[in-house]
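*Asks:* Quick one: structure below, then a few questions.
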Amino acid sequence: MTNEQTNPGKDAASVVVAATQLRKHYQTGAETVEALRGVDFRAERGDFVVIHGPSGSGKTTFLNMLGCIDYPTSGAVEIYGQDVATLSDGKLAELRRDKIGLVFQTFNLMPVLSTYENIEYPLLLQNVPRPQRRERVQKLIDAVGLTNEAGRRPNKLSGGQRQRVALARALITETHFVLADEPTGNLDTETSKRIMGIMKSLNENRDVAFVVVTHDPMVGEFARRTVEIRDGLLSTVTQGG
Amino acid sequence: MGLRIALRNVLRNPRRTVLSLVIISLGTGMLFAVSGFVSFITDGITESTVEQYGNLQIADIDLWERADDRLVTLMEGERVEQVSALLDELPDVTGYAANLTFTSQIQKGSESSLLFGVGVDPANRILAGYEIARGEDLKPGDRGKIVIGRLLADNLGVEPGDYVTLLIATVNGSFNTGRLQVAGVFRGFEEFIESQFAYVPIETAQLLLNTTGVDKLVVSLTDLDRTEPVAAILRERLASADLGVELRTWDVLATQYEQTVSMFTFILGAVSLGIFILVLFSILEVLTMSFLERTREVGTLRAIGTKRHHVFRLFLSEGILLGIFGGLLGILVGIGLGFAVNHSGMGWMPPGSLEEVPILVKMSPVSAITPLIIAMLSTLVSAIFPAWHSARLAVVDALRTQ
Ligand SMILES: Nc1ncnc2c1ncn2[C@@H]1O[C@H](COP(=O)(O)OP(=O)(O)O)[C@@H](O)[C@H]1O
Ligand SMILES: [Mg+2]
């Protein structure tokens, strides 16, 4: 059932993330839930993978492993060839900060920070000097069309605007690897399309790899590759795009 | 940036922040007022002690050890002059006077009592020591006069103008008696002074003791703070002059002083500790609640690459900010409390004292330091545990929290 996705013609350096035989078991009382049951996966620069699957199939669990915010019960995750199991908590945080962009269904912005400051935050973690920060944040704010909302806090923004802030926050570090868990789950169709359109153009123009988990069929239209997850196992639905 | 986020988080829930600030500032303000009161009291004790003993006293080395052997421990005219010459050289010395102290029995009719007598020079009084309540004080040239404590006068049934008899051992050990006229009755600072002390002209004391010597030179200085430096110089000069005398400073002479002051210091310490604990636990509860509500935000911060110690620092800063604002506000509260107390006309009865003295709060920038430190330390400590807890959360678990 499992497939290893390879893309001939690209060398190993272009592999952004690789997972081998990922398993995740949750122990709840006497019961063990096998959320992932041996998953192999790989994504490269320029990939746009959409992962479909019913609720409870293990999508979030899988994405959390790829995003290095949770540990597999067994199996390995490599980010740019680096086995993350060997990294300390601090090094993992640096890896997430520098190499991975995360987008959540519930936006997860800092309520006390403005649009500008939310997007700027990862650069502060990286100790980027102020003039560069200003330039990069301003450019990205303009790119996602939030120029007029720069000073507003999240509670003064619409859902679509919030997700654009979150997307900008994920991309401000110039990462080439973005993970999105149901990014359109709280948005209407029009807004969803706009968000996906931004992702698509970043994918095409900047070679950013996107792994998007969703059960929204519309999102599939943006995929270069669609994968199905069911009962903790992956299967390819379409290849190329 | 960390501080900016912390500040905004502090201001995020105004009701909770106001509650925290009220707790911290009341605690700090109270501490400021109590410590101001304690420094008023201890300053008062210091002042009256120095009024009683002078800044320092000089006597024969042996006097300090065995005061009852009067034959060998008194200073005769020549030594007094030599010591006086040394004192005259010191610009900080504002005055000095010879004393001759003695113990005796005082009698009036069938009543008698133990008496600590002090022979003083009425023309050269450098210590206040008492206030005349009835009759009059010793005057220059007075002979055969005595002023006695008010309680002692009451016990003996004596009024100014009456005569009393003193029974006394001379320096040779033979008995002597003297009939002295009571010039006045004085009010002392403390009960034991009013009930046991009397003052006579020094010549009268010398006659009673059958000596021309004196036992101490009482020295007063320009300033309390000059005591130690002047004592150091003087000690050296007295030693090299080899006069067989030694000086003692007021704090050593007043054996009760350290004890009394440390009692007040202890009380202040206990109040400080109480307020520290009170603020600590109140703020601990507030911060625990506030941090728990933001678990998901912690998850997000960590997921996008914030390290644990950053989260810890961020939350700790919130505690520190509360401490700083609450502390500064508390000093204002304390100043308000101090003004209120100082204008209320409240009084209290110090232990061993005879009259009520006003309760006053001494306010100075220095007395704000300890309350401020207590405020900041207690809020800092109360932030440590919840901040540590939040920083240690597993990222996925924190993210999953609603
Ligand atoms: N922390 C957890 N503890 C126990 N069971 C969990 C936990 N997280 C997820 N699960 C279970 O693992 C399975 C997969 O969950 P999840 O990855 O969230 O699915 P999806 O995102 O596809 O809806 C579900 O059965 C879910 O109940
Ligand atoms: Mg999910």
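The values are calculated or read from the model by the stated rules, or taken from the named source; none is laboratory data. Keep in mind the model is a prediction, meaning the values are calculated, not measured. Note: ideal-geometry Cβ built from the backbone for every residue, glycine included; neighbour counts use all protein chains shown. Quick note on the areas: whole protein, heavy atoms, side chains included, nothing else; ligands and nucleic acids left out. Shrake-Rupley method; radii C 1.70, N 1.55, O 1.52, S 1.80 Å.
*Asks:* Can you give me the accessible area per residue for the stretch A:90-241, using a 1.4 Å probe, in Å²?
*Replies:* In whole numbers, the stretch A:90-241 has 41 Å² accessible per residue.
*Asks:* If each DSSP helix of 4+ residues adds -39,500 (n - 2.57) and the sum is divided by the residues in chain A, what number results at 222 nm, nearest 500 deg cm²/dmol? Show your work: numbers first, answer last.
*Replies:* Details: 6 runs with 75 residues, N = 241.
Theoretical 222 nm ellipticity from helices: -10000 deg cm²/dmol.
*Asks:* Sum -39500 (n - 2.57) across every DSSP H segment of at least 4 residues in chain B, then divide by the residue count to get the 222 nm mean residue ellipticity, nearest 500. If you can, show how the numbers build up before the last one.
*Replies:* On the way: 15 runs with 222 residues, N = 402.
Counting only the DSSP helices, I get -18000 deg cm²/dmol.
*Asks:* Volume per residue, Å³, of the convex hull around the alpha-carbon atoms of the stretch B:287-402?
*Replies:* 132 Å³
*Asks:* Follow-up. Evaluate the Kirkwood expression for the hydrodynamic radius of the stretch A:101-174, namely the inverse of the mean inverse distance over all pairs of different C-alpha atoms, and round to one decimal in Å. Walk me through the intermediate numbers first.
*Replies:* On the way: mean 1/r = 0.0842 Å⁻¹.
In the stretch A:101-174 this quantity evaluates to 11.9 Å.
*Asks:* Considering all alpha-carbon pairs of chain A, what whole percent are spaced by more than 26 angstrom?
*Replies:* 37 percent
*Asks:* If you roll a 1.4 Å probe over the heavy atoms of the protein chains, what accessible area per residue do you get for chain B, in Å²? If you can, show how the numbers build up before the last one.
*Replies:* On the way: 19160 Å² over 402 residues.
For chain B, the solvent-accessible area averages 48 Å² per residue.
*Asks:* Okay, next question. Return the lysines within reach of A:LYS24: Cα separation strictly under 29 angstrom, same-chain partners fewer than 8 residues apart disregarded; answer none if there are no such residues.
*Replies:* Output for A:LYS24: A:LYS59, A:LYS91, A:LYS99, B:LYS307.
*Asks:* Return the sequence-ordered ³J(HN,Hα) values of the stretch A:17-30 in whole Hz as given by the Karplus equation 6.51 cos²θ - 1.76 cosθ + 1.60 applied to θ = phi - 60°, using x for Gly and Pro.
*Replies:* With the stated coefficients, the stretch A:17-30 comes to 9, 9, 10, 10, 6, 6, 10, 9, 10, 10, 9, 10, x, 7 Hz.
*Asks:* Roughly what % of DSSP beta bridges within the stretch B:62-243 run antiparallel, to the nearest 5?
*Replies:* Roughly 75 percent of the beta bridges in the stretch B:62-243 run antiparallel, per DSSP.
*Asks:* What is the local net charge at B:LEU268, summed over the other residues whose Cβ is closer than 15 Å to its Cβ (Lys, Arg +1; Asp, Glu -1)?
*Replies:* Once all neighbours under 15 Å are counted, the net charge is 0.
*Asks:* Placing unit charges on C-beta atoms (Lys and Arg positive, Asp and Glu negative, everything else neutral), compute the dipole magnitude of chain A about its Cα centre in debye, rounded to 20.
*Replies:* The dipole magnitude comes to about 720 debye.
*Asks:* Additional query: Residue by residue, what Karplus-based ³J(HN,Hα) values in Hz, rounded to whole numbers, does the stretch B:19-30 have, using 6.51, -1.76 and 1.60 with θ = phi - 60° and x for Gly and Pro?
*Replies:* Calculated HN-Hα couplings, in order: 4, 4, 5, 4, 4, 5, 6, 5, x, 5, x, 4 Hz.
*Asks:* Grab every C-alpha pair in the stretch B:62-243, bin the distances at 5 angstrom width from 0 up to the longest one, and report whole percents.
*Replies:* Answer for the stretch B:62-243: a P(r) of 1, 8, 16, 19, 18, 15, 11, 7, 3, 1, 0 percent.
*Asks:* Could you tally the net charge around B:LEU7, taking each other residue with its Cβ under 14 Å from the Cβ of B:LEU7, Lys/Arg +1 and Asp/Glu -1?
*Replies:* +2
*Asks:* Continuing with the same structure: Starting at 0 and stepping by 5 Å, how many percent of the alpha carbon pairs of the stretch B:198-295 end up in each bin?
*Replies:* It works out to 2, 8, 10, 10, 10, 11, 9, 6, 5, 5, 5, 4, 4, 3, 2, 2, 1, 0, in whole percents.
*Asks:* Per residue, what volume in Å³ does the convex hull of the Cα atoms of chain B enclose? Intermediate values should be presented prior to the final figure.
*Replies:* Details: hull volume 73.4 nm³, N = 402.
Value for chain B: 183 Å³ per residue.
*Asks:* Which parts of the stretch A:89-110, residue by residue, lose 20 Å² or more of accessible area when the rest of the protein chains are there, as against the chain isolated (1.4 Å probe)?
*Replies:* Residues passing the criterion (a loss of at least 20 Å², heavy atoms only) are A:ASP89, A:ALA93, A:GLU94, A:ARG96, A:ARG97, A:LEU102, A:PHE104, A:THR106, A:ASN108, A:MET110.
*Asks:* Radius of gyration and Dmax for the protein assembly as shown's Cα atoms, expressed in Å?
*Replies:* Spelled out, the Cα radius of gyration and Dmax of the protein assembly as shown are 42.7, 128 Å.
*Asks:* State, in square angstrom and to the nearest 100, the accessible area buried between chains A and B, both chains counted, probe radius 1.4 Å. Don't skip to the end; give the middle numbers.
*Replies:* Working: alone 11510 and 20290 Å², together 29590 Å².
Roughly 2200 Å² of accessible surface disappears when A and B pair.
*Asks:* Exactly which trypsin sites (Lys or Arg not before Pro) in the stretch B:1-66 are in a DSSP loop and have at most 16 other Cβ atoms within 10 Å?
*Replies:* Taking the stretch B:1-66 and a limit of 16 other Cβ atoms within 10 Å, the loop trypsin sites (Lys or Arg not before Pro) found are B:ARG66.
*Asks:* Label points 7 Å out from Cα along the Cβ direction at B:GLU76 and B:THR170: separation in nm?
*Replies:* Taking the simple label geometry, B:GLU76 and B:THR170 are separated by 1.6 nm.
*Asks:* Determine the residues within the stretch A:120-160 where the difference in accessible area between the chain on its own and the full set of protein chains amounts to at least 30 Å²; count protein heavy atoms only and use a 1.4 Å probe.
*Replies:* A:TYR121, A:LEU124, A:LEU125
*Asks:* Stretch B:ASP162-B:TRP388 to full length: gain in nm at 0.36 nm per residue minus the Cα-Cα span? It would help to have the intermediate numbers written out before the result.
*Replies:* Numbers: separation 226, 0.36 × 226 = 81.36 nm, distance 7.96 nm.
Taking B:ASP162 through B:TRP388 to full extension adds about 73.4 nm, to one decimal.
*Asks:* At 0.36 nm per residue, minus the direct Cα-Cα distance, what do B:THR212 and B:ARG4 gain on full extension? Give it in nm, one decimal, please.
*Replies:* 66.9 nm
*Asks:* Which of the residues in the stretch B:283-321 show a loss of at least 10 Å² in accessible area from their chain by itself to the complete set of protein chains, at a probe of 1.4 Å?
*Replies:* B:ARG296, B:GLU297, B:THR300, B:LEU301, B:ARG302, B:ALA303, B:ILE304, B:GLY305, B:THR306, B:LYS307, B:ARG308, B:HIS310
*Asks:* With the full set of protein chains in place, find how many percent of the accessible area of the protein assembly as shown is carbon and sulfur; take the probe as 1.4 Å.
*Replies:* Accessible surface attributable to carbon and sulfur in the protein assembly as shown totals 55 percent.
*Asks:* Separate question: What nm distance separates the two modelled labels at A:GLN138 and B:GLU65, each placed 7 Å from Cα along Cα→Cβ?
*Replies:* 8.7 nm
*Asks:* Additional query: Where in the stretch B:135-171 is the amide nitrogen less than 19 Å from a point lying 7 Å along the Cα-to-Cβ axis of B:ALA123?
*Replies:* Only B:137-146 pass the distance filter.
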